[in-house]
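Note sheet for the following structure.
Just so you know, all these numbers are worked out from the coordinates, no wet-lab data involved. From a predicted model like this one, the values you see are computed outputs, not experimental measurements. Don't worry about glycine lacking a Cβ; one is built from the backbone with ideal geometry, like all the others, and counts go over all protein chains shown.
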Amino acid sequence: MAANYSDDIGPMAYPMKLVSSEMVEHMMGWNIPEEHQAMVHAHWRSFPAVSKYYHFILALIYTMLMITSLVGNGIVIWIFSTSKSLRSASNMFVINLAVFDLMMMIEMPLLIVNSFYQHPIGFQLGCDVYAVLGSISGIGGAITNAVIAFDRYKTISCPLDGRINKVQASLLIAFTWFWSMPFTILPALKVWGRFVPEGFLTTCSFDYFTEDQDTKVFVACIFVWSYAIPMALICYFYSQLFGAVRLHERMLQEQAKKMNVKSLASNKEDASKSVEIRIAKVAFTIFFMFVCGWTPYAFVAMTGAYGDRSLLTPVATMIPAVCCKIVSCIDPWVYAINHPRYRAELQKRLPWLGVREQDPDTVSNNNSVTTTQSHTPTAEA
């Protein structure tokens, strides 16, 4: 009787067990061991598991971004650090930004491996390593953009006595690294906040889902520290820079009218000013990309802490993460396209890239010689 009873319920129990297993298997976080399940917030468990093909597509995208970042930022660091014409205090900030971008690139191999396993390798430790690299590079890159804006403002608005020297540049670079540390160390040590998986559960960032006041205050503080303050500084310095340029041009025009001449600036001064303004345009372009790359991520974090969480699907939260990586890869190529002295060095060292740029210093000297000759008796004759 007992045997028959067992035989009768066995076939019924087995399908129930199978159905239950399939239900768990098709929800986010199904493949994370029980001892690490606390890593995954309940919000993600409400979504079906992402297809492995989406993971593979993401891995392919990150592979291309990793190669682009390594080549682009590697060339920037190589040329800016070894070229005499580019070895200035201002360009130390360019190298610093490239270093931060390369740190973000180091995340990408972890994501590629995570995509094939469909969970963070090393679980909490691997998640912490990934998030620490992202936090340092993201916050450091943001405040470096603010420092670059400050440098451009000082250089263009006060060209004689406003330039930053190398000692001051070194202190400002140290400041950018110090700025990136508090909201990296605190969640890594779980003193305040923590790092958790997000999106496809193969990337990690700070926790913005936990329902407690401590987490909400943390999210608000990191939003102000890593996004709002750098953004405000950048906007302020660029607005001051553009105001100073317009004021300077207006003063020159008015003075030229009084003296009944076309212009008060020499060709050499014009060329030098043109180079500085082109560099400022490069910096402003990178700032614009920073806004495009990090604003979506800021929106995700603030929505997770204070808004409608139903908007934050796994795919929706992965898009801002990819945008951040794309920006870190595009930065060096913006310099390659627009920075005059950098383009000149690229033409010398890597002629196969097909870059065409005259050395700004040579052009400036030629203009100066031409101007001088035009005022000599021989030239007048």
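Local charge sum around Leu172 (other residues, Cβ-Cβ under 14 Å, Lys/Arg +1, Asp/Glu -1)?
The answer is +3.
Arrange Cys127, Cys324 by Cβ neighbour counts within 10 Å, fewest through most, would you?
Cys324, Cys127
What residues of segment 298-327 lie in the reach of a label at Lys216, counting those whose backbone N is under 17 Å from a point 7 Å from the Cα along Cα→Cβ?
301-310
What is the distance in Å between the Cα centroid of segment 90-146 and that of segment 191-253?
Centre-to-centre (Cα) distance: 17 Å.
In the neighborhood of Ala316, defined by Cβ-to-Cβ distances under 14 Å, what is the net charge if each Lys or Arg adds +1 and each Asp or Glu adds -1?
-1
I want the local charge near Leu58. Using Cβ-Cβ distances under 15 Å, sum +1 for each Lys or Arg and -1 for each Asp or Glu among the other residues.
0
Return the distance in nm (one decimal) between the two label points of a simple spin-label model at Arg87 and Ser170, each offset 7 Å from Cα along Cα→Cβ.
1.4
Could you give the nm distance between label points at Lys348 and Phe299, where each point is 7 Å from its Cα heading toward the beta carbon?
Distance between label points: 4.4 nm.
With θ taken as phi - 60° and the coefficients 6.51, -1.76 and 1.60, list the Karplus ³J(HN,Hα) couplings across segment 164-180 in order, rounded to whole Hz; mark glycine and proline as x.
Listing the rounded values in order: 7, 8, 5, 5, 5, 4, 5, 5, 5, 5, 4, 4, 5, 6, 5, 4, 7 Hz.
Run the quick spin-label model on Gln37 and Cys235: label points 7 Å from Cα toward the beta carbon, then report their separation in nm to one decimal.
4.5
Please arrange Thr317, Thr82, Thr68 by how many other C-beta atoms lie within 10 Å of their C-beta, fewest to most.
Arranged by neighbour count, lowest to highest, Thr317, Thr82, Thr68 become Thr82, Thr68, Thr317.
Using the per-residue mean of other Cβ atoms lying within 10 Å as a proxy for protection, in what order, highest first, do the peptides 225-238, 169-182 fall?
Highest to lowest by the protection proxy: 225-238, 169-182.
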